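The structure appears right after this line, and notes come after that.
The values are calculated or read from the model by the stated rules, or taken from the named source; none is laboratory data. Keep in mind that what you see is a predicted model, and the values were worked out from it rather than measured. A quick note on method: Cβ atoms are made from the backbone with ideal geometry, for glycine too, and the neighbour counts reach across all protein chains shown.
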């Protein structure tokens, strides 16, 4: 009889510990899901902030050409990528779309807008640094 009581007590203790650990694991898994969801939301918000997402006017490159009289190249994609990567900072140079006019000083012409605002035109000489911004 004593052996039976001792076995029942052990079994009850094991069941109690199993129930407690299952509950703790469930809470831990729920906590992890909440943490992951919050982290993902923060990452999205940071990306929106860098890209000029919700709540800010988004910077849009409408035109970008680089070169000298008659020898120009379309730098729109390179300017867009550089502005996104560097927070609106763009350096005028041959890295944008090659050297369309050797041994001639070139210019970078950009037309951009912020959201639905009027387009803005900005010009820089070769090797100058521009800061495109939607803040006034």
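Report yes if residue 20 is out of contact with any strand residue (DSSP E or B) (no Cβ under 6 Å at 6 or more places or on another chain), at pLDDT 90 or above and in a helix (DSSP H, G or I), otherwise no.
Answer is no for this residue.
Scan the stretch 119-129 for residues that are surrounded by fewer than 16 Cβ atoms within 10 Å (Cβ to Cβ) and assigned to a strand (DSSP E or B) and jot them down. Can you show your working first?
Taking the stretch 119-129 as the starting set, the residues that turn out to be surrounded by fewer than 16 Cβ atoms within 10 Å (Cβ to Cβ) are 119-123, 125, 127-129.
Hits for the stretch 119-129 are 120, 121, 122, 123, 125, 129.
Given the condition in contact with a strand residue (DSSP E or B) (Cβ under 9 Å, 6 or more places away or on another chain), surrounded by fewer than 14 Cβ atoms within 10 Å (Cβ to Cβ) and either free of Cβ contacts under 8 Å to residues at least 12 places away in the same chain or outside any loop (DSSP other than H, G, I, E, B) (or both), answer yes or no: does some residue in the stretch 105-118 qualify?
No: the stretch 105-118 contains no residue that is in contact with a strand residue (DSSP E or B) (Cβ under 9 Å, 6 or more places away or on another chain), surrounded by fewer than 14 Cβ atoms within 10 Å (Cβ to Cβ) and either free of Cβ contacts under 8 Å to residues at least 12 places away in the same chain or outside any loop (DSSP other than H, G, I, E, B) (or both).
Among the candidates 50, 56, which residue alone is in a helix (DSSP H, G or I), at pLDDT below 65 and touching a helix residue (DSSP H, G or I) at 6+ places or on another chain (Cβ under 9 Å)?
Unique residue meeting the criteria: 50.
Restricted to the stretch 83-104, and to residues that are surrounded by fewer than 20 Cβ atoms within 10 Å (Cβ to Cβ) and under 11 Å from residue 132 (Cβ atoms), which residue is farthest from the chain's Cα centre (by Cα)?
It comes out as 89.
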